[in-house]
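We did not get these values from a lab; they are worked out from the coordinates using the rules stated. As the structure is a computational prediction, the values presented were derived from the model and not from experiment. Neighbour counts are summed over all protein chains in view; Cβ atoms, including those assigned to glycine, are modelled from backbone coordinates with ideal geometry.
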Amino acid sequence: MKVLGILGSPHKNGGTAQLLFSALRAAEKEGAETEWYSLYDGEIKPCIGCIQNEGPECRFPCIFEDYGKFLLQKIYEADGLIFATPIYWFAPSGVMKNLIDRMTCLENMVSFGEPSYLEGKVFGAIVVGADTGALMTGGYLIATLNSMGAIIPPWAIAYSYKSKASLWDDKDLMNAINVGLLVARTVALLKGKKVSLFYVDDKALLEEIRKEVLTELKLSEEPLRHVRKVGYLRY
């Protein structure tokens, strides 16, 4: 099974990346093959609303030849999806919204007599910020992907208000780990494997994954205990 991580933050070792990588490491421990991509590594042109044209023109693959088209192909190939974004004014980052709008071409295959190309894919969301809006942002992602046909497992949203210190908050980290575990387990369930879909509270697993992510992101082991709400935080 393939689980794809999408990073909607420009900071590749900030809090959003920390929790996304933790979820992906957890999915790997369930036997998933994982990969991740940053939305800031190329151009994702805004959707121009082909679906509003008189004929059914909005279809996969998208009309644009850009990084967004590459990511749409990766989404099409994946069994599980984990989107991670900072909170930008009660919503996901602009680049993530651009990608989601472009994902209409996957969902709109129903206009061509096919299922939505997102049907049967399992989706989880991770949201990080230092202000209010986490549940609105996570809820938007879950509701939108479910409306496109994706399956939402239990415990599918993890969020943290700790910004770049998210990795050192045990509760937030365990929630992110469960996103990865339960996305992978739900994919396995759909493939006929008998699995548990209950929340896992495993301190040893938490410490193991935290250490792996610290190494991968080259972060200090000393926790950032105080994050001041000034300037640009590394979400």
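Brief remarks follow.
- Only helices enter this figure: runs of n ≥ 4 DSSP H residues, each worth -39500 (n - 2.57), summed and divided by the residues of the chain, yield -12000 deg cm²/dmol at 222 nm to the nearest 500.
- FRET efficiency, 1/(1 + (r/R0)^6) with R0 35 Å, evaluated for Glu212 and Glu119 via beta carbons: 0.60
- Between Phe112 and Leu190, the FRET efficiency from the beta-carbon distance, with R0 = 22 Å, is close to 0.40.
- For the chain, built as a Gaussian network whose Cα springs stay under 10 Å, the top-fluctuating residue of Ser196, Ser166, Ser93: Ser196
- One chain, two ends: Gln73 and Asp170. Fully extended at 0.36 nm per residue, the span grows by 31.5 nm beyond their Cα-Cα distance.
- Region 47-91 residues near the modelled Asp41 label - backbone nitrogen below 14 Å, point 7 Å along Cα→Cβ: 67-75
- Where N is the number of residues in region 75-230, Cα Rg divided by 2.2 N^0.38 Å: 1.11
- Based on the Kirkwood approach, the hydrodynamic radius assigned to region 81-126 is 11.9 Å, with every pair of different Cα atoms included.
- Signed unit charges on C-beta, dipole axis of the chain, positive-most listed residue Ala176, Ile152, Leu71: Ala176
- A Cβ-based charge dipole, computed about the Cα centre of region 1-157 with Lys and Arg at +1 and Asp and Glu at -1, lands at about 320 debye.
- Between the beta carbons of Ile51 and Met136, assuming R0 = 41 Å, the FRET efficiency works out to 0.95 to the nearest 0.05.
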